[in-house]
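The values are calculated or read from the model by the stated rules, or taken from the named source; none is laboratory data. Not measured: the values here are computed from a predicted model. Note that each Cβ is placed from the backbone with ideal geometry, even for glycine, and that neighbours are counted across all protein chains shown.
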Amino acid sequence: MTNEDAARYADSFAALGSEPRLEIMRLLLAAHPHGLTVSDLQAQVKIPNSTMSHHLEKLRVEGLVSARREKQFLWYSANPQKVEALLFFLYNGCAPTGFGNSASESTKTANATIPAHSHEDKFMFEAFLRSVNHLFSSVFDRLGLPGFERFTDPAIQSIVLAQQESRDLNHAYVGTEQLLLGLMQERTDVAAQVLAATGLTAETVRAEVETIIGRGRGTPLTIPLTPRAKRVIELSLEQARQLGHRYIGTEHLLLGILCEGEGLAARVLQNLGLNLQTLEEQVRQEATRP
């Protein structure tokens, strides 16, 4: 990431650095794609008109929201693509170690450690990230992901990376194949480690995906999950319950892919020489390791 990119994300995070703006973004994400009028927002946030205009303009300048006029009303809508890009940045090296859902020692967070200038600085940074994390849960609600609060940080990051894979391949959806690539790109957690032990790489899997379905024609602003991908998410919850886990990690997502068994991800793994039953046993072994 360039210094210019880092500065751009810093400006966007600064724009979210107040409770009213976080609440405005939460409301607009919940109302996406139609949006809300200024009066609708005012009624819920309960701040003066001049203050509301200031907050909305700051968010608009940073590209987090857009405005349109319909007759006498001014409507504001969230920009989910910008929000998802921020989420990708947040979970790809910005947050301090231990932030978010800490499930067990075997499911460690993938986040990098920030410079520890002081305990107070670290506490303030973590508090801010928790607020943003709560806001961004709306993105996952739009994707239809149940039990968001139970997903570990690496599992969340894997889903964000799956969305990025869709954009990179110009696909208009997140399917089981993108979920698999997301799991492989999140290199620190159980699923990626089990897959890496088989000799697979993300590059090899991506090439196989392209061979089978090619590149798409463009990615929409909001990327939906395919029915099979949603089924994988549902199965990951079931797998977590069966294993007696109170969290959903990358290992459960991979088990979901393997148990679903008929999606493109399973086909790719088989094409690349893996036995799905053997791989499932290996994942379960790692998932139950003390």
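Tabulated data for the structure shown
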quantity	calculated
ALA85 being of a type in the set (A, V, I, L, M, F, W, C), modelled with pLDDT of 65 or more and in contact with a Pro (Cβ under 9 Å, 6 or more places away or on another chain)	no
Region 184-204: number of residues that are surrounded by 18 or more Cβ atoms within 10 Å (Cβ to Cβ) and touching an Asp or Glu at 6+ places or on another chain (Cβ under 8 Å)	6
Residue ID - farthest from the chain's Cα centre (by Cα), chosen from residues in region 240-257 that are in a helix (DSSP H, G or I) and surrounded by fewer than 22 Cβ atoms within 10 Å (Cβ to Cβ)	GLN242
Qualifying residue in region 48-67 (condition: among the β-branched types (Val, Ile, Thr), part of a helix (DSSP H, G or I) and surrounded by 16 or more Cβ atoms within 10 Å (Cβ to Cβ))	no
Test: residue in region 169-179 that is closer than 22 Å to LEU16 by Cα and at pLDDT below 85	no
Checklist (1) of a type in the set (Gly, Ala, Ser); (2) within 16 Å of PHE151 (Cα to Cα); (3) at pLDDT 90 or above applied to ALA240, failing item	(3)
Residue that is farthest from ARG284 (Cα to Cα), among those in region 220-239 that are among the basic types (Lys, Arg) and more than 16 Å from the chain's Cα centre (by Cα)	ARG228
Hits in region 28-63 (condition: in contact with a strand residue (DSSP E or B) (Cβ under 7 Å, 6 or more places away or on another chain) and closer than 22 Å to ASP11 by Cα)	LEU28, LEU29, LEU56, LEU59, ARG60
Residue count for region 237-265, restricted to those that are farther than 21 Å from PRO154 by Cβ and out of contact with any Ser or Thr (no Cβ under 7 Å at 6 or more places or on another chain)	2
Residue selected from region 171-229 under the condition touching a strand residue (DSSP E or B) at 6+ places or on another chain (Cβ under 9 Å) and not in a helix (DSSP H, G or I), by the criterion nearest to ASN79 (Cα to Cα)	ILE223
